[in-house]
Amino acid sequence: MDRRKIVPLLSPAILLIVLLLVPVFISQPYVLHVLIVMGINITLATSLRFIATVGQFSLAHAGMVSIGAYSSALLVIKLGLSFWAALPLAGLTAMSIAFLVGSPFVRLKGIYFTMVTLFLTEFITLLVTEWRNLTGGVQGIISIPRPNAIVLPGLLNLTFASKVDFYYLALAMVGFTLISLYAIESSRIGIAFSSVRQSEALAESIGVNSAGFRILAFSLGCFFAGIAGAFYGHYFSAIAPGSFGFLLSINVFIYMVVGGLRRFAGPIIGAIILTLIPELARAFKEYEPFVFAAILLVVIFFLREGLISLPVLFRKRRAPR
Amino acid sequence: MATLQITGLTKYFGGLAAVHEIDFDVNRGELVGLIGPNGAGKTTMFSLITGSLRPTRGKVVFNGKDITGQKPHLIAKVGVVRTFQATTLFSQYTVLENVIAACHLESKISFWEAALHTPSSRRSEEAILSRASDIVHFVGLEACKDQPAGSLPHGYKRVLGIAVSMAAGPQLLLLDEPLSGMNVEEVDRTVALIKRIWERGTTILLIEHNMRAAMNLCQRIVVLQMGKKIAEGTPEMIKANREVIQAYLGSGKNAP
């Protein structure tokens, strides 16, 4: 058979097998923890890029993570819901809030939209800090229960007592996010998104409801941020307003830009590398924002389309003219 | 029968009347020209008809349906599609992709069908591809169908703009200065293209500064000056109209 036909099918399969086997070979909790955080960051960066496919940059992601984390934790603790019900509900809550807040502001474009999303994050932080009897104020919520165990005798035994089980959950979350967002983007809805980004006037002249698609992109992107937030809460078992501040939004934004906006894989690469760098340089933890800013500057000046464009650049260099 | 009926259409920008009490009709299957000196309000008329501007007063009726002040994408869906004076394109897309994007308007595939890539959505995708290829062939851009739209020469960009509007399936096509910035050869080719689109049954309303082309193409011409309609009639009538000549050349009273 044609090698070119097999290779594209084979490489995701191999990647998946490798990812599934990681806990078999690596059992240090620290490594698994880094991989889990990486999974959260990939989910966030990819869903942020999804919002950007219509040409709008959101800084609401931290707020949406917060909404997801708090609503899932509260649904489980106060209403006794199962984690598996609370997880999608957390996503839907974030999505509904994004829809309700996004609709009146959908006419705002560019920097004005970004400013409103920034205020949204700040407002949510303020809300969860001040609504003490529900959210626990500055202390936040502690001892959030683990996800309910899934036991299929002989097949599966996920109790979430170890990091290994959370690793698989993170893998499933990332897989679900990437497959859903890729399917939408590669369909005609993706074409509508992209047409709104490239020229709103032309898109409308051929019948694309640009305002509608902007709200749709924003709400769907926030859905995945809510899911990531719910995961975060149950993984760390404690949440506080401080974890979801403005800086988180900025960091996710940097993952996306450093990796590259133009391609689907860009934010994935960005999230992987920028999750690893602070871990490799733990001694300089407090300088993390500076390191990120420096990387961002280097990318903006020398690699406009992000790290994802590096292989293409190398190929161009090597190719004879 | 009148496809497009415009009555008393008025638009004020602050205290300034950009368009004042304009009435005219476009009949089905007609090719009508809208001419006038710079600042006469021609493009404003297009924006009012297609909904990107809301009129201060007046009515726009398309096929018996009042579409005044509706959202642009809804007006496009009823079958009124405009092109732009500037080269407004999806510049990151190739020529073919530009047309494909516009073809999607006509398909009636739901969000879930599209996102789940169902067989019916895939089948309609194939239909769209073949329709888009036909249109690219029809306008004569086949040779550069895989080039990014942003890198095309100006004349080709204008033609691609027309192709995109065709793909949206218009009953009434509004062309905003389709010939501007073209060389003589391109003008001839584009005039022929507009004629062919019209012959396929699309009603066309055309803004044009190239007088010779407008006179040659249009069956009827509406002349605007300073936001008011000053004349309407066949090209011969317009050529002989004193007021029109004055509008374009001045009255001669102030000449030295």
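The values are calculated or read from the model by the stated rules, or taken from the named source; none is laboratory data. Values in this document were obtained by computation on a predicted structure and should not be read as measured data. Please note: Cβ atoms are built from the backbone with ideal geometry, for glycine as well, and neighbour counts cover all protein chains shown.
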Residue in the stretch A:52-72 that is over 29 Å from A:ILE269 (Cα atoms) and either of a type in the set (S, T, N, Q) or surrounded by 18 or more Cβ atoms within 10 Å (Cβ to Cβ) (or both) present: yes
Hey, A:ALA265 more than 30 Å from B:PRO170 (Cβ to Cβ), touching a Ser or Thr at 6+ places or on another chain (Cβ under 8 Å) and away from chain B (no Cβ under 14 Å) or not: no
Pairs, first touching a residue at least 24 places away in the same chain (Cβ under 8 Å) in the stretch B:220-239, second of a type in the set (Gly, Ala, Ser) and buried (at least 22 other Cβ atoms within 10 Å of the Cβ), C-beta under 6 Å, six or more apart: B:ILE221/B:GLY33; B:VAL223/B:GLY36; B:LEU224/B:GLY36; B:LEU224/B:ALA40; B:LEU224/B:GLY41; B:GLN225/B:GLY36; B:GLN225/B:ALA40; B:GLY227/B:GLY41
Any hit, the stretch B:64-83, residues being within 10 Å of chain A (Cβ to nearest Cβ), charged (D, E, K, R) and in a strand (DSSP E or B): yes
Residues that are more than 7 Å from every other protein chain (Cβ to nearest Cβ) and not in a helix (DSSP H, G or I), drawn from the stretch A:183-206: A:SER186
B:VAL223 being aliphatic (A, V, I, L, M) and buried (at least 19 other Cβ atoms within 10 Å of the Cβ): yes
Some residue of the stretch A:253-263 being in contact (Cβ under 8 Å) with a residue 24 or more places away in the chain, touching a strand residue (DSSP E or B) at 6+ places or on another chain (Cβ under 9 Å) and surrounded by 24 or more Cβ atoms within 10 Å (Cβ to Cβ): no
B:SER151 being more than 16 Å from B:GLU30 (Cα to Cα), surrounded by fewer than 14 Cβ atoms within 10 Å (Cβ to Cβ) and among the hydroxyl-bearing types (Ser, Thr, Tyr): yes
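Here is a yes/no grid of residues against (1) out of contact with any helix residue (DSSP H, G or I) (no Cβ under 7 Å at 6 or more places or on another chain); (2) free of Cβ contacts under 8 Å to residues at least 60 places away in the same chain:
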position	(1), (2)
A:GLY154	yes, yes
A:VAL164	no, no
A:MET173	no, no
A:ILE179	yes, yes
A:GLY207	no, yes
A:ILE227	no, no
A:PRO267	no, no
Residue check, B:VAL159 in the same structural domain as B:SER52 (by TED's automatic domain parsing) and either under 24 Å from B:ASN63 (Cα atoms) or in a helix (DSSP H, G or I) (or both): no
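Every residue, every condition in (1) of a type in the set (Lys, Arg); (2) surrounded by fewer than 19 Cβ atoms within 10 Å (Cβ to Cβ), yes or no:
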site: B:PHE62; (1), (2): no, no
site: B:LYS65; (1), (2): yes, yes
site: B:GLY69; (1), (2): no, yes
site: B:HIS73; (1), (2): no, no
site: B:VAL78; (1), (2): no, yes
site: B:THR83; (1), (2): no, no
site: B:SER91; (1), (2): no, yes
site: B:ALA102; (1), (2): no, no
Any hit, the stretch B:99-106, residues being more than 7 Å from chain A (Cβ to nearest Cβ) and touching a strand residue (DSSP E or B) at 6+ places or on another chain (Cβ under 7 Å): no
Strands (runs of 3 or more DSSP E) lying entirely in the stretch B:197-256 (those with 1 or more residues that are out of contact with any strand residue (DSSP E or B) (no Cβ under 8 Å at 6 or more places or on another chain)): B:220-225
Checklist (1) over 17 Å from A:ALA62 (Cα atoms); (2) surrounded by fewer than 18 Cβ atoms within 10 Å (Cβ to Cβ); (3) touching a residue at least 12 places away in the same chain (Cβ under 8 Å) applied to A:LEU108, failing item: (3)
Qualifying residue in the stretch A:32-41 (condition: part of a helix (DSSP H, G or I) and either within 30 Å of A:SER199 (Cβ to Cβ) or free of Cβ contacts under 8 Å to residues at least 60 places away in the same chain (or both)): no
Check on B:LEU217, of a type outside the set (S, T, N, Q), under 17 Å from B:LEU31 (Cα atoms) and in contact with a Gly (Cβ under 8 Å, 6 or more places away or on another chain): yes
Unique residue being outside the structural domain of B:ILE135 (by TED's automatic domain parsing), at pLDDT 90 or above and within 30 Å of B:SER151 (Cα to Cα) when the list is B:LYS42, B:LYS11: B:LYS42
Residue pairs meeting the criteria (Cβ under 9 Å; at least 6 apart or on separate chains; first over 27 Å from B:SER165 (Cβ atoms) and within 12 Å of another protein chain (Cβ to nearest Cβ), in the stretch B:113-135; second among the hydrophobic types (A, V, I, L, M, F, W, C) and in a loop (DSSP other than H, G, I, E, B)): B:THR118/B:ILE109
